[in-house]
Amino acid sequence: MRGIALTVAALMVSAVPANAAWQYYACPSDNFASQFPAEPKMENIKFSMPRHKEAVAAHTYTATTDNIIYRMLVADYSDRVADGASILEEAIFQHTESDDHGARNGKIVGNDSARIEPVVRGATYGRRITMDLPNNGGRNLTTFYFRGGKLYEQSVTILPANGDYTTPNGSRFVESLLFNLTRMPEEAGGVPPNVKGCGPEIQPFIYK
């Protein structure tokens, strides 16, 4: 009987859904928090666009599980805040059309407005684009925002090896994004861990 009980217990553990590991992670120095299915890895990168040139600094935060890549890119253009609208548009163009960076020849299957927080809490507006990648590369969902001098590209790439292009995990990732980190305890049910490499100081959130 004990052997049967242990077998049943093992089956119950193995049946725990993969999304049980989802939780919030924060990066106060880059002014965002989001749910990830695993601890994201921070990397320093160079980010540049033809019109608006190289960002002051740029970082990516990436986690990969079940052949799905979850990635946040933050590019610092705080020295060009007045060009924020143009920077945002160029980033969208670079993602969808540019020969050297984008997914040209991919099929756009969704293109609509996105918003973080309601208006009364300082809404941030952006764009959400879903594409079937060229050469059967999978499906990508990316949201674009510009706030506080920084460009944010939050993306989910579902690889063909996964193949579940209707998984709710992509929406879960992008819709969990927070810019007002003073609300983390309320939204995350407590103070989430900081991503390794991120500064700990929460920046003031300006309602504008």
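The values are calculated or read from the model by the stated rules, or taken from the named source; none is laboratory data. Source: prediction; values computed, not measured. FYI the Cβ positions are ideal-geometry reconstructions off the backbone, even for glycines, and counts take in every protein chain you see. We work out accessible area using only protein heavy atoms, side chains counted, and drop any ligands, DNA or RNA first. Shrake-Rupley method; radii C 1.70, N 1.55, O 1.52, S 1.80 Å.
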Residues within the stretch 151-182 that are charged (D, E, K, R) and either touching a residue at least 60 places away in the same chain (Cβ under 8 Å) or at positive phi (or both), tallied: 2
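May I ask you to list the residues in the stretch 125-159 that are more than 11 Å from the chain's Cα centre (by Cα) and acidic (Asp, Glu)?
Here is the first cut: in the stretch 125-159, the ones more than 11 Å from the chain's Cα centre (by Cα) are 125-140, 146-151, 158-159.
Of everything in the stretch 125-159, just one residue is more than 11 Å from the chain's Cα centre (by Cα) and acidic (Asp, Glu), namely ASP132.
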Pairs with Cβ under 7 Å, 6+ apart, first in the stretch 70-91 and closer than 24 Å to LEU141 by Cβ and touching a residue at least 60 places away in the same chain (Cβ under 8 Å), second of a type in the set (D, E, K, R) and open to solvent by 60 Å² or more (accessible area, probe 1.4 Å): none
Number of positions in the stretch 155-208 that are of a type in the set (Ser, Thr, Tyr) and over 15 Å from PRO40 (Cβ atoms): 6
Selected residue (only one of VAL174, VAL120, VAL191 is in a helix (DSSP H, G or I) and surrounded by fewer than 14 Cβ atoms within 10 Å (Cβ to Cβ)): VAL120
Tally of residues being open to solvent by less than 20 Å² (accessible area, probe 1.4 Å) and in a strand (DSSP E or B) across the stretch 62-109: 7
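Mind listing just one residue for me: the one in the stretch 123-147 that is farther than 17 Å from ALA33 by Cα and basic (Lys, Arg) and, of those, surrounded by the most Cβ atoms within 10 Å (Cβ to Cβ)? If you could, list the steps in order and put the result at the bottom.
To start, the set of residues in the stretch 123-147 that are farther than 17 Å from ALA33 by Cα comprises 127-141.
Pick out the ones that are also basic (Lys, Arg) and you get 127-128, 139.
Values: ARG127: 17, ARG128: 19, ARG139: 25.
By that ranking, first place goes to ARG139.
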